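*Asks:* What follows is a structure written as structure tokens; I'll ask about it next.
The values are calculated or read from the model by the stated rules, or taken from the named source; none is laboratory data. Since we're looking at a predicted model, the values are computed, not measured. No Cβ is skipped: glycine too gets one built from the backbone with ideal geometry, and neighbour counts run over all protein chains shown.
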Amino acid sequence: MPLSGFLGTTRPLSYLAGVLLSWTVLGLVAFGIGTLARHPVVPLIIIIPFVVGIGDFLVTLWAPARFLPPAAGAELFTPSDGTHLDAGTGAMVMLAWAIGVVVLAGFTFARRDA
């Protein structure tokens, strides 16, 4: 029996892939912030409130908050509600955040700790 037949649809598998992508990218963003800050507590202070739901709350108050990493990736693993970016755009925004923060952290690390 194929896994999609066992689950009924392939929708849960796409949500699982979305969760994996979202958490992986958030981990990269946290890594980059931690490298920039040189202390492991700073990314926890920044990322945990977003993951808990402040990012989604900010979307309801301020439209540009849709481009923050957790809110951008929300459509990857939740049904569409119209307030977040669509899944493809959200994934690209999250990847842009991760690439930007990790590249900035790499340059900073190379200059500071060389």
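*Asks:* Does V52 satisfy being at pLDDT below 80 and part of a helix (DSSP H, G or I)?
*Replies:* yes
*Asks:* What is the number of the single condition among (1) part of a helix (DSSP H, G or I); (2) polar (S, T, N, Q); (3) exposed (fewer than 12 other Cβ atoms within 10 Å of the Cβ) that T89 does not meet?
*Replies:* Only one criterion in (1) part of a helix (DSSP H, G or I); (2) polar (S, T, N, Q); (3) exposed (fewer than 12 other Cβ atoms within 10 Å of the Cβ) is unmet by T89, namely (3).
*Asks:* For the range 39-49, give me the residue count where each residue is in contact (Cβ under 8 Å) with a residue 12 or more places away in the chain and either surrounded by fewer than 19 Cβ atoms within 10 Å (Cβ to Cβ) or on the phi > 0 side of the Ramachandran plot (or both). Walk me through it before giving the result.
*Replies:* Filtering the range 39-49 for residues in contact (Cβ under 8 Å) with a residue 12 or more places away in the chain gives 43-44, 46-47.
Checking which are either surrounded by fewer than 19 Cβ atoms within 10 Å (Cβ to Cβ) or on the phi > 0 side of the Ramachandran plot (or both) leaves us with 44, 46.
Qualifying residue count, the range 39-49: 2.
*Asks:* Among the residues of the range 56-74, is there at least one that is on the phi < 0 side of the Ramachandran plot, outside any helix (DSSP H, G or I), modelled with pLDDT under 85 and in contact with a Leu (Cβ under 8 Å, 6 or more places away or on another chain)?
*Replies:* Applying the first criterion (on the phi < 0 side of the Ramachandran plot) to the range 56-74 yields 56-74.
Okay, now just the ones that are also outside any helix (DSSP H, G or I), so 62, 68, 73.
Subset that is modelled with pLDDT under 85: 73.
If we keep only those that are in contact with a Leu (Cβ under 8 Å, 6 or more places away or on another chain) as well, we get 73.
Yes: one or more hits.
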